[in-house]
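A.B. asks: Pasting a structure here, questions to come.
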Amino acid sequence: MRFFYLTILAILIALSGCTMHPPSASGFMETAEQGQNDEKVRVLTARAEKINFSLSGDEWNIPIALETTTATRSGFVSGWGILPSPYVTFGYADKYFGWRSWVSAIWLGVTVAAICATGICIDTDSEDDYSYSYYEDDDDEVDLVELDSFLAAWTQLFSGGLSFIEQIPVGDFLRIGFEQYICRNFWLNWGTVGDQEDFGNVEVGVGAYMSFRVNNHRVSLDAHYGILDFNTKKPRLSLALTYSNVLVYESASSIK
């Protein structure tokens, strides 16, 4: 078990090398709204986003994001997506207001694995000693150093966030929305990862969208503006085109 934490850390670094800025607000609200009309609804969302990420230079990059979400009649929404790193999301919304959270699926999985590695997930009646001698290492100080290093990296590599959404419906065709968010981004510069000193930052910002529905299809124009580490000299601007498709499995009322 001596190298368990370092192995998990290596996996975490290898698989989580992407930023975790806010997923599509319009797709989330569409899921919640349609979920109130039908028994079983799943919304598939695809987004092409043009980002000027100041910490990566002045160039624009265009990541592709995919998401699938489902909602209950009570308004709770859950799902998962790729941004482009995988994440899980959960929240609540009605036609006018919503909140959502999202967190890196890799980080969440590593967290569960690390907890289970302590023996909590396994019934070990024969193990009465829960001290660090459980790891059967000759040098407990090495284990403490490795554990401390893992916890420091685990905290630094966290990525996810929380947002609040307000929406103005205009008939059945048009939706106008606003979003306020706070999140923690994480990225890896693969070309210079050995010299990279900063792997993440906190971002706070606002967003807005205008979406148009045609039958089961919705197209949305989204924009976000945020600042990194509460520094106005580190802005991030993104413009996105989002497409959502509604799949109805058990209809309680036809989609308008």
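A.B. asks: Out of the residues in the stretch 46-75 meeting the condition of being small (G, A, S) and crowded, with 19+ Cβ neighbours inside 10 Å, tell me which one is modelled with the highest pLDDT.
C.D. replies: A71
A.B. asks: If I go through the stretch 224-234 residue by residue, how many of them are over 13 Å from H21 (Cα atoms) and not in a loop (DSSP other than H, G, I, E, B)?
C.D. replies: Just the residues of the stretch 224-234 that are over 13 Å from H21 (Cα atoms), to begin with: 229-234.
Cutting the leftovers down to not in a loop (DSSP other than H, G, I, E, B) gives us 231-234.
Count: 4.
A.B. asks: What number of residues within the stretch 210-238 are hydrophobic (A, V, I, L, M, F, W, C) and modelled with pLDDT of 90 or more?
C.D. replies: 6
A.B. asks: Look at Y135 and say whether it is at pLDDT 80 or above and either surrounded by 14 or more Cβ atoms within 10 Å (Cβ to Cβ) or within 22 Å of F90 (Cβ to Cβ) (or both). Spell out how you get there, then give the answer.
C.D. replies: Working: at pLDDT 80 or above: no; either surrounded by 14 or more Cβ atoms within 10 Å (Cβ to Cβ) or within 22 Å of F90 (Cβ to Cβ) (or both): yes.
No, not satisfied.
A.B. asks: Here are some conditions: (1) modelled with pLDDT under 85; (2) touching a helix residue (DSSP H, G or I) at 6+ places or on another chain (Cβ under 9 Å); (3) of a type in the set (A, V, I, L, M, F, W, C); (4) outside any helix (DSSP H, G or I). V43 meets all but one. Which one does it not meet?
C.D. replies: (1)
A.B. asks: Further question: Are any residues in the stretch 1-40 modelled with pLDDT of 60 or more and of a type in the set (F, W, Y), and if so, which ones?
C.D. replies: Of everything in the stretch 1-40, just one residue is modelled with pLDDT of 60 or more and of a type in the set (F, W, Y), namely F28.
A.B. asks: Sticking with this one: Whether any residue in the stretch 87-107 is outside any strand (DSSP E or B), surrounded by fewer than 16 Cβ atoms within 10 Å (Cβ to Cβ) and β-branched (V, I, T) is what I want to check.
C.D. replies: no
A.B. asks: Give the stretch 34-44 a look and list any residue that's crowded, with 24+ Cβ neighbours inside 10 Å and either on the phi > 0 side of the Ramachandran plot or of a type in the set (D, E, K, R) (or both), or say none.
C.D. replies: Residues satisfying the conditions do not exist here.
The values are calculated or read from the model by the stated rules, or taken from the named source; none is laboratory data. These numbers come from a predicted model, not from an experiment. Here the Cβ is made from the backbone with ideal geometry for all residues, glycine too, and neighbour counts use every protein chain on show.
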